[in-house]
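What follows is one structure encoded as structure tokens, with my remarks underneath.
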Amino acid sequence: MGSVGAERRRQATPVLTPEGNVVMSFSFESYQLEEEDCQAKDIPDKGVLTFTEPAFEEPMPDDRYHGIYFAMLLAGVGFLLPYNSFITDVDYLHWKFQGTSIVFDMSLTYILVALVAVILNNALVEMLSLHTRITVGYLFALGPLLFVSICDVWLEQFTTKQAYVVNLVAVGVVAFGCTVQQSSFYGYTGMLPKRYTQGVMTGESTAGVIISLSRIFTKLLIKNEKKNTIIFFFFSVSMELMCFVLHLLVRRTRFVRYYTKRSCHDHAEMRGHADPGTGYRVHHDASTEEVRFDNGAVGASPSEFGNEVEIAGGGTYMRFDVPKPKIKKSWPSIRDMILHRYVVSRVIWTYMLSIAVTYFITLCLFPGLESEIHNATLEDWLPILIMAIFNMSDFVGKILAALPYDWKGSRLLLFSCVRVVFIPLFVMCVYPVGSPTLSHPAWPCVFSLLMGISNGYFGSVPMILAAGKVVPEQRELAGNTMTVSYMTGLMLGSAVAYFAYGIIANGSTPHAEALHNSTSG
């Protein structure tokens, strides 16, 4: 009785409805009618007055042997490995599709589809479960990899023109699946400690390093272009399968379940404190004998019914024997979805701009323009080496992002903008066509090294810090919103690279003419 008596009933508030009926409103702070709790405790009676007792907090689990961090690193590998597999075998693409702009077309196709996918995923974040979106992303990534490696590279079922279209469609499907997967993972790791977001972003660079090394070794060990490409693709498929299986195992671990449940609990707690009259509320219309129940989440207040009046007699009473209404899940309205994203964006807008600018500058140069840097001595090895240097230095930059330093958003944005200096430097490595200003192969290698380190660092820090700037229940949404900015930067950078290449080539080579025809078509 002591604990029950401690819970005081709020003062009855009579209000007047538009029809002139008197309504009494009572609310209790801790008394709950919760369907899930009743089912969990096998309570058969409906409408039984219950109250929640403070539960002992579950001890914080430990990431033994850094297994969860390693799994998140492989998650980052999983959603960038398929795209890297398609563009890193640039020597095979130039051999099979001579005189075309295949690398530029793949890059632009990937970015355009990825932008649509990340916006769609951002809209579906409250409608589909996190793990459903991740699983669909893995399936969409694995399918095209298998199809192209077997039907196009191995069996050669298509003509050159058909294979060109098949590869672009495959890249588009991969872009959709991997981007939904990537955007969901950033929301996923936003609920975990900060180092796990850094782990996912390090995994992105690790994917580039693994694929670059895979391509170098397959090309060195096997001279036949077709055979080494088949082995290269099959290795990528095996890696992707391993990442998928590891995700299915890790999502059930006590560590992951602890943090994801805590984030949901914080969300429920915030809603309870934000709404007036949390807990169990009953409204009784004395004239019509109508009783209405709601839990504090609805946010109804007595003032919504009209102006307060004096108690009008003894015709009001309280009932507890009315069955609870079924709790129905409903999708949020478009207005609410936009409002939620606006509130989050106001907090992290500098981080959003910073990551967008960083990837915009990078995509202006990589992989498109870097794949067109040639040298008479190194021949088709130079683009492969430049890409490998970029991927490895990008990996180093993302490891450096784990160093504890709390950047201000404005300063982070400034340093991201300074990277624009790489654009004219790389242009001088390819222009004028045939005799570029910086013709020695060491120049693009050094520039690629510096660009990779800065891309890895300034492309990771905004994503890592943004999740910590919002309350826990908004972290998944913040991760998805940051991914929208990230993909916007990628799309704009890829479009600029496509346009700039046409200007630099200026129709002086068959390659440039093919690019012009492809663009016109």
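Observations, loosely collected:
- For the range 59-135: rounded, prolate or oblate by the Cα gyration tensor [a/c cutoff 1.5]: oblate
- Here the simple spin-label model places points 7 Å from the Cα toward Cβ, and for His440 and Asp62 these points are separated by 5.3 nm.
- Residue-span extension gain [His374 to Lys194] - 0.36 nm each, minus C-alpha spacing: 60.7 nm
- Computed from the Cα positions only, the extents of the range 191-257 along the three principal axes stand at 48, 20, 12 Å, in decreasing order.
- FRET efficiency, 1/(1 + (r/R0)^6) with R0 56 Å, evaluated for Asn224 and Ser129 via beta carbons: 0.80
- What a 1.4 Å probe finds exposed on the range 73-172 is 74% carbon and sulfur by accessible area, rounded to a whole percent.
- Tyr405 paired with Leu139, simple spin-label distance in nm, labels 7 Å along Cα-to-beta-carbon: 4.4 nm
- Dipole axis of the range 176-237 (+1 Lys, Arg; -1 Asp, Glu on Cβ), positive-most option in Phe232, Leu220, Ser205: Leu220
- Net charge over other residues, Cβ less than 14 angstrom from the Cβ of Met72 (K, R count +1; D, E count -1): +2
- Cα-based shape type of the range 370-413, given that a ≥ b ≥ c are square roots of the gyration tensor eigenvalues and the cut on a/c is 1.5: prolate
- Net lengthening on full extension, Val116/Val245 (0.36 nm per residue, minus Cα-Cα): 43.7 nm
- Packing order of peptides 337-344, 243-250, 385-392, highest average first: 385-392, 243-250, 337-344 (average count of other Cβ atoms within 10 Å over each peptide's residues).
- Each Lys or Arg adds one and each Asp or Glu subtracts one; over the other residues with Cβ under 15 Å from the Cβ of Ser439, this totals -2.
- Ranked by the mean number of other Cβ atoms within 10 Å of their residues, highest first, the peptides 359-369, 447-457, 465-475, 217-227 come out as 359-369, 447-457, 465-475, 217-227.
- Stretching the chain fully between Val433 and Thr159 yields a gain of 95.5 nm (0.36 nm per residue, less the alpha carbon separation).
- Prolate/oblate/rounded label for the range 119-218 (Cα gyration tensor, a/c 1.5): oblate
The values are calculated or read from the model by the stated rules, or taken from the named source; none is laboratory data. Here the structure is a predicted model, which means the values were calculated and not measured. Note that each Cβ is placed from the backbone with ideal geometry, even for glycine, and that neighbours are counted across all protein chains shown. Quick note on the areas: whole protein, heavy atoms, side chains included, nothing else; ligands and nucleic acids left out. Shrake-Rupley method; radii C 1.70, N 1.55, O 1.52, S 1.80 Å.
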